[in-house]
Amino acid sequence: MTYGSMITPIGSNSVENFSAMLREESGVDFVENSGFNNENWPLGKIKSLPNKNRYNTLLTEGCKQLTSKHGKEIFDSDETIVIVSSTKANLEDLPNDTFSSTRNILTDELGLKNKIVIISNACISGVIAINTAADYLQSNRYKTAVVIGIDVLSDFVVYGFQSLFALSNEPSKPFDKNRKGICIGEALGAVILTKEKINDDFHVEYLGGSSSNDANHISGPSRTGEGLFRSVNKSLERASVKSNDIDFISAHGTGTNYNDEMESIAFDRLGLIATPLNSLKGYFGHTLGAAGLIEVISTMKMMENNTLLKSVGFEETGTSRPINVLKNNLNKEITTVLKTASGFGGGNASLILKKVQ
Amino acid sequence: MKLIGTCKISKNGAFLNGKEVELFSSDTENWKKECYTNLNLDYSKFHKMDSLAKMAFLSTEIIKKEVDLSKYDENELTLLFANNSSSLTTDLKFINSYEVKGSPSPSLFVYTLPNILTGELAIRNKWYGENCFFIEEKFDVEFFLEQINFYFSKGSNACLCGWVESNKKNEECFLFLIEKNGKENIKEQLTTLYKQ
């Protein structure tokens with residue numbers, strides 16, 4: 001698996017993003033009148049996107065990056081499958097189908113030969129999409145699987161999280177004692193999975209992944225971290241690694257009280273309490289369907305550069321289980337990493353990656 | 001693969017394994033509520049669900065009349081669902097709540113994700129297995145069978161799948177339960193039963 005594209009509020013490719021993160025830059029900033037009652041919520045907004053047509057503009061730009069970096073041939077092949085992860089796609093198309101422009105743009109920009117697979121499974125969409133890409137490669141029908149995660153800011157989503165009292169009125173502080181909630185963001189992230197290395201860029205090996213439902217509540221996490229615990233155990237088993245082989249965790253860490261507490265309980269139950277971890281939501285906000293992708297890409301950058309990024313916004317332990325949230329950037333070589341995600345509908349997903357030596 | 005059971009429901013009726021079950025009169029506007037009442041269920045969460053979740057819930061309960069779903073281990077049943085319109089019906093209602101009715105409704109917002117229905121089924125039946133929701137242009141049997149094969153090869157022994165759609169033109173759910181062991185021509189059976 002290697003880099004595809006990455007467009008966030010702090011950078012328009014993975015190198016720019018990683019440099020900004022090393023400088024501890026955050027893309028979360030107050031946006032005037034973004035709330036239902038004209039509140040100025042802190043959001044992860046990509047300032048270069050137009051007010052109208054945000055989704056289509058971002059998706060088109062992401063595709064252009066993919067073809068300029070990798071050429072058109074890899075996408076325009078009958079041995080390539082494209083998988084998209086998005087929670088809301090293009091809400092500007094309502095009352096019509098919100099996902100049809102996705103298919104049109106991808107076909108126009110990438111010239112695809114096969115049908116496009118779209119996954120819309122709330123905040124765990126990105127991790128499930130990468131797991132599904134690995135399934136396609138393992139079936140031997142395809143040589144290449146491209147995964148694109150994307151969601152953009154909208155009144156719809158901001159008002160929705162506001163109505164649930166889930167938004168933070170300051171840049172979010174995942175896992176911190178004084179965390180107040182989520183900051184919503186927007187981004188696009190893409191990775192390319194192949195059987196063999198396709199260029200000289202850094203590659204990681206996908207070892208395994210899974211999902212599991214909490215079977216508990218549609219909009220709140222399980223108090224015992226049940227689904228996350230089960231998903232990580234299943235992923236470890238599929239990857240044939242043990243919890244003490246995990247060098248680093250790219251956690252979900254939204255910054256809400258219940259979610260972050262749930263994750264600490266699950267990681268404790270999994271024997272991962274001392275494993276270094278971060279949440280990247282402090283840099284980008286919660287970018288929903290793009291989150292899994294941009295967090296995996298950032299984690300690959302950490303593996304490539306032997307530098308673990310601090311969890312921006314975290315100062316003091318704020319969960320009942322004292323997990324090892326990174327307060328400072330750390331120079332450390334890591335080989336095997338765990339990525340997790342949890343979301344509405346009781347969904348939890350995880351995957352395990354290994355550095356290609 | 002073996003096809004264990006199917007249920008198709010829409011305002012035109014409920015069909016269990018291809019046979020009509022009398023659970024509501026087809027001219028009722030509120031057919032889902034009538035169906036719930038006639039199934040003699042006591043599950044108050046049903047009334048809060050959106051149209052997608054209600055249909056998936058009812059279809060599962062109807063299949064349970066003939067298949068004991070509790071025989072599956074709590075981790076081994078995979079839920080794979082798809083539709084074309086995502087949560088369109090609820091999306092429009094949620095927009096109406098803040099554009100017309102005065103404030104964004106949190107109870108509508110939580111249903112503006114299509115995969116919420118898999119959460120509802122997991123809660124009702126205590127299923128901790130894998131879930132995925134796909135957005136597809138139309139019901140595609142081959143796509144479902146491909147996905148089911150992926151999950152069977154990863155260790156799942158049964159998949160409860162559904163095409164569940166709610167938009168201005170159409171409200172329908174086609175649910176099917178498939179077990180790993182067996183050699184049946186499921187593609188033709190499903191194509192026929194879906195068209196019913």
**Q.** region A:315-326, residues that are among the polar types (S, T, N, Q) and open to solvent by 50 Å² or more (accessible area, probe 1.4 Å)
**A.** A:317, A:320, A:324
Q. Out of all the residues in region A:163-175, is one or more open to solvent by less than 10 Å² (accessible area, probe 1.4 Å) and within 14 Å of another protein chain (Cβ to nearest Cβ)?
A. no
Q) From the residues in region B:104-135 that are more than 7 Å from chain A (Cβ to nearest Cβ) and closer than 18 Å to residue A:158 by Cα, which one is least open to solvent (accessible area, probe 1.4 Å)? A) B:111
Q: Take the residues in region B:170-189 that are under 15 Å from the mean Cα position of the chain (by Cα) and not polar (S, T, N, Q), then tell me which one is farthest from residue B:141 (Cα to Cα).
A: B:171
(Q) So for region A:251-270 (the condition being in a loop (DSSP other than H, G, I, E, B) and more than 19 Å from the chain's Cα centre (by Cα)), does at least one residue qualify? (A) yes
Q) Across region A:136-157, which residue is most open to solvent (accessible area, probe 1.4 Å) among those that are under 23 Å from residue A:43 (Cα atoms) and not in a loop (DSSP other than H, G, I, E, B)? A) A:155
Q. How many residues are under 17 Å from residue A:163 (Cβ atoms), open to solvent by less than 50 Å² (accessible area, probe 1.4 Å) and not aromatic (Phe, Trp, Tyr) when one looks only at region A:27-59?
A. 3
Q.
Looking at A:189, A:185, A:208, A:227, can you tell me which residue is within 30 Å of residue A:66 (Cα to Cα), touching a Ser or Thr at 6+ places or on another chain (Cβ under 9 Å) and within 14 Å of chain B (Cβ to nearest Cβ)?
A. A:208
Q.
For region B:72-97, which positions are within 7 Å of another protein chain (Cβ to nearest Cβ) and assigned to a loop (DSSP other than H, G, I, E, B)?
A. B:75, B:84, B:85, B:86
Q) Which ones in region A:327-357 are open to solvent by 10 Å² or more (accessible area, probe 1.4 Å), closer than 21 Å to residue A:309 by Cα and either of a type in the set (D, E, K, R) or part of a loop (DSSP other than H, G, I, E, B) (or both)? A) A:327, A:328, A:329, A:332, A:333, A:335, A:354, A:355, A:356
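What tally of residues in region B:22-71 results from selecting those that are outside any loop (DSSP other than H, G, I, E, B) and under 17 Å from the mean Cα position of the chain (by Cα)?
24
So, in region A:255-287, exactly how many residues are open to solvent by 10 Å² or more (accessible area, probe 1.4 Å) and not basic (Lys, Arg)?
Residues in region A:255-287 being open to solvent by 10 Å² or more (accessible area, probe 1.4 Å) and not basic (Lys, Arg): 13 in total.
Tell me, yes or no, whether region A:311-318 has at least one residue that is within 26 Å of residue A:131 (Cα to Cα) and either β-branched (Val, Ile, Thr) or touching a strand residue (DSSP E or B) at 6+ places or on another chain (Cβ under 7 Å) (or both).
yes
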(Q) Quick test for you: out of A:227, A:189, A:160, pick the one residue that is modelled with pLDDT of 95 or more, open to solvent by less than 10 Å² (accessible area, probe 1.4 Å), under 30 Å from residue A:40 (Cα atoms) and in a helix (DSSP H, G or I). (A) A:160
Q: Considering each residue of region A:163-179, count those that are in a loop (DSSP other than H, G, I, E, B), of a type in the set (S, T, N, Q) and touching a Pro at 6+ places or on another chain (Cβ under 8 Å), and give that number.
A: 3
Q | Tally, over region A:82-135, of residues that are open to solvent by 20 Å² or more (accessible area, probe 1.4 Å), out of contact with any Leu (no Cβ under 7 Å at 6 or more places or on another chain), in contact (Cβ under 8 Å) with a residue 12 or more places away in the chain and part of a helix (DSSP H, G or I) | A | 4
Q) Of (1) within 21 Å of residue A:256 (Cβ to Cβ); (2) within 13 Å of chain B (Cβ to nearest Cβ); (3) not hydroxyl-bearing (Ser, Thr, Tyr), residue A:179 satisfies all except one. Which? A) (2)
Q: Could you grab the pairs with beta carbons closer than 9 Å, sequence gap of 6+ or different chains, first residue in region B:151-172 and more than 22 Å from residue B:52 (Cα to Cα), second one open to solvent by 50 Å² or more (accessible area, probe 1.4 Å) and of a type in the set (Asp, Glu)?
A: B:155/A:237; B:157/B:73
Q. Under 8 Å by Cβ, and 6 or more places apart or on different chains, what pairs join a residue from region A:145-172 that is assigned by TED's automatic domain parsing to the domain that holds residue A:93 and free of Cβ contacts under 8 Å to residues at least 40 places away in the same chain with one that is among the aliphatic types (A, V, I, L, M) and assigned to a strand (DSSP E or B)?
A. A:161/A:167; A:161/A:182; A:161/A:184
(Q) Among the residues of region B:170-179, are any open to solvent by 10 Å² or more (accessible area, probe 1.4 Å), more than 8 Å from every other protein chain (Cβ to nearest Cβ), over 29 Å from residue A:95 (Cα atoms) and at pLDDT 95 or above? (A) yes
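The values are calculated or read from the model by the stated rules, or taken from the named source; none is laboratory data. Just so it is clear, the structure is predicted and the values come from calculations on it, not from any experiment. As a convention, Cβ positions derive from the backbone with ideal geometry for all residues, glycine included, and neighbour counts pool all protein chains shown. These accessible areas exclude ligands, DNA and RNA; they are computed on the full protein's heavy atoms, side chains included. Shrake-Rupley method; radii C 1.70, N 1.55, O 1.52, S 1.80 Å.
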